[in-house]
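Everything below concerns the one structure shown next.
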Amino acid sequence: MSNRMWGGRFAEGPDAIMEEINASIDYDRKLYKQDIDGSKAHVRMLAEKDIVTRDDADKIVQGLDTILSEIESGEFVFSRALEDIHMNVEARLAELVGPAAGRLHTGRSRNDQVATDFRLWVRDTLDTLDDQFGELMRVLAEKAETHAGDVMPGFTHLQSAQPVTFGHHLLAYVEMFSRDRGRVRDARKRMNECPLGAAALAGTSFPIDRKMTAEALGFDRPAANSLDAVSDRDFVIEALAAASLAAMHLSRLAEEIVIWCSAQFGFVKLSDKFSTGSSIMPQKKNPDAAELVRAKTGRIYGSLQALLVMMKGLPLAYSKDMQEDKEQAFDGLASISLALAAMTGMMRDLEPVTKVMKKAAGSGYSTATDLADWLVRVLGLPFRDAHHVTGRIVAMAVERNVELHRIPLEDMQSVEPKISAEIFSVLSVDKSVRSRTSYGGTSPVNVRKQARRWLKELSRN
């Protein structure tokens with residue numbers, strides 16, 4: 001039996017394999033609310049323009065409200081034979097209101113219908129992600145303010161480089177997630193054009209009011225070109241691109257958590273709520289939530305790549321290939337949302353082991369740059385000369401297996417006679433971080449100021 005929604009052209013129904021490859025209802029049912037909202041806006045516009053009667057429009061709206069209630073209560077029966085969410089809703093509408101249901105599709109196509117539904121869903125998802133980024137940033141900024149003066153090693157090449165503070169380290173991620181949040185907002189603004197009324201690809205001869213439907217659905221304007229309106233998937237690709245960058249940032253932080261809570265580092269304690277144990281080793285406490293955030297990154301990248309490859313060879317306008325966009329978008333954007341929620345929970349509960357961090361901050365001759373800076377600032381040496389002098393003193397410390405502040409003054413003077421006892425005032429990690437007062441530096445004063453600035457900004461939006 002042919003599909004009664006589009007079967008006039010066909011004498012036979014689809015092969016079972018065709019039905020299997022063609023059906024999308026198993027996943028695009030997620031668009032039910034957006035589909036119903038779009039249909040209600042469309043039929044109200046049709047009534048306003050006298051394209052359908054107000055009586056028929058009222059019946060259709062009431063029927064759509066009933067369907068929404070049925071779906072949300074779990075009573076709605078989805079049919080794979082009806083392919084997708086659009087046909088499932090329309091078929092049930094016909095059962096509820098009779099022939100009037102057939103007027104709903106006047107002046108539109110499934111092409112502009114699905115483009116509208118999908119944009120609405122992605123827009124709603126971006127709004128959720130925006131809120132999640134804001135909450136993660138707030139948690140990080142609050143913890144940064146609390147630990148503005150707690151010293152830890154700063155690394156390059158995962159080797160001790162210079163002392164920083166834990167608060168400063170956390171604020172680096174606030175900056176990253178702020179950029180991610182900005183990309184989400186940019187993507188939302190750019191995508192907020194309404195495809196509804198573009199019909200299959202060429203527009204429609206009915207005197208519709210596309211501005212009315214765009215406004216009803218919260219779009220800034222109707223999409224200006226009907227071909228582009230139905231064939232564009234930039235909006236979901238851009239959303240996944242923003243998600244991919246954010247996932248990379250989340251993965252970097254997750255990697256640091258994994259390293260920091262290892263026995264070899266012991267910098268932080270992760271709460272039991274975001275850890276698991278071992279089936280054989282009773283002593284284990286594994287940072288599985290962080291590891292899974294790290295793993296989600298590849299999954300999100302895969303969703304982005306799948307859509308880019310899917311779209312790269314498609315001529316205008318719509319092709320059935322584009323049905324494959326939903327699963328990737330649903331999975332990729334759900335993954336970034338889950339990763340954000342997990343990271344927010346982890347960071348809220350995570351506590352630094354400040355004594356361990358501070359001890360590690362002093363290892364690896366991390367104040368060598370402070371020594372060189374002192375030689376420049378106090379003795380007036382050119383920095384390259386100061387760098388050479390410092391290197392010789394560090395080599396002396398390495399040979400003796402002691403820290404820089406343990407080298408006797410007379411031994412330092414054997415390298416540079418002008419060095420005075422004042423040098424020891426810059427060789428502690430606390431004094432090192434306090435001296436880094438340049439804008440964006442790690443001094444506790446700077447960190448508290450930046451953390452409070454972020455918290456004030458986040459309270460506004």
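The values are calculated or read from the model by the stated rules, or taken from the named source; none is laboratory data. The model shown is predicted, which means the values in this text are computed figures rather than measured ones. All Cβ positions, glycine included, derive from the backbone under ideal geometry; neighbour counts span all protein chains shown. Note: accessible area is taken over every heavy atom of the protein model, side chains too, but ligands, DNA and RNA are not part of it. Shrake-Rupley method; radii C 1.70, N 1.55, O 1.52, S 1.80 Å.
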Log entry: pair-distance distribution for region 19-103, C-alpha pairs binned every 10 Å from zero, whole % per bin is 19, 49, 26, 6
May I ask you to compute the full-extension gain from D385 to D127, defined as 0.36 nm times their residue separation minus their alpha-carbon distance, rounded to one decimal in nm? 87.4 nm
When the Cα atoms of the chain are enclosed in a convex hull and the volume is divided per residue, what value in Å³ results? 202
Theoretical FRET efficiency, 1/(1+(r/R0)^6), r = Cβ-Cβ of E399 and S262, R0 30 Å, to 0.05: 0.50
Rounded to the nearest 10 Å², the 1.4 Å probe accessible area of D349 is 40
Just from its helices, what would the mean residue ellipticity at 222 nm be for the chain, if runs of 4 or more DSSP H residues each count -39500 (n - 2.57) and the sum is divided by every residue, rounded to the nearest 500 deg cm²/dmol? -20000 deg cm²/dmol
Quick check: Cα centre of region 299-351 to Cα centre of region 177-249, how many Å? 16
Could I have the simple spin-label model distance between Q413 and S271, label points 7 Å from Cα toward Cβ, reported in nm to one decimal? 5.6
Hey, quick one: spin label on K312, modelled 7 Å out along Cα-Cβ, who in region 237-272 has an amide N within reach, i.e. under 20 Å? 237-245
Between S420 and L158, the FRET efficiency computed from the C-beta separation at R0 = 41 Å comes out, to the nearest 0.05, as 0.70
Cross-link reach list, lysines versus K320, counting only Cα pairs under 20 Å and skipping chain neighbours closer than eight places: K30, K312
Could you sort the peptides 330-338, 165-173 by per-residue average Cβ neighbour count (10 Å cutoff), highest mean leading? 165-173, 330-338
Anchor K49: aspartates and glutamates whose Cα lies under 12 Å away (excluding residues fewer than 8 positions away in-chain): D209
Using a probe radius of 1.4 Å on heavy atoms only, what accessible surface per residue do you get for region 363-458? Whole Å² is fine. 56
Quick one: if you stick a label point 7 Å off each Cα along the C-beta vector at R221 and L96, how many nm between them? 3.5
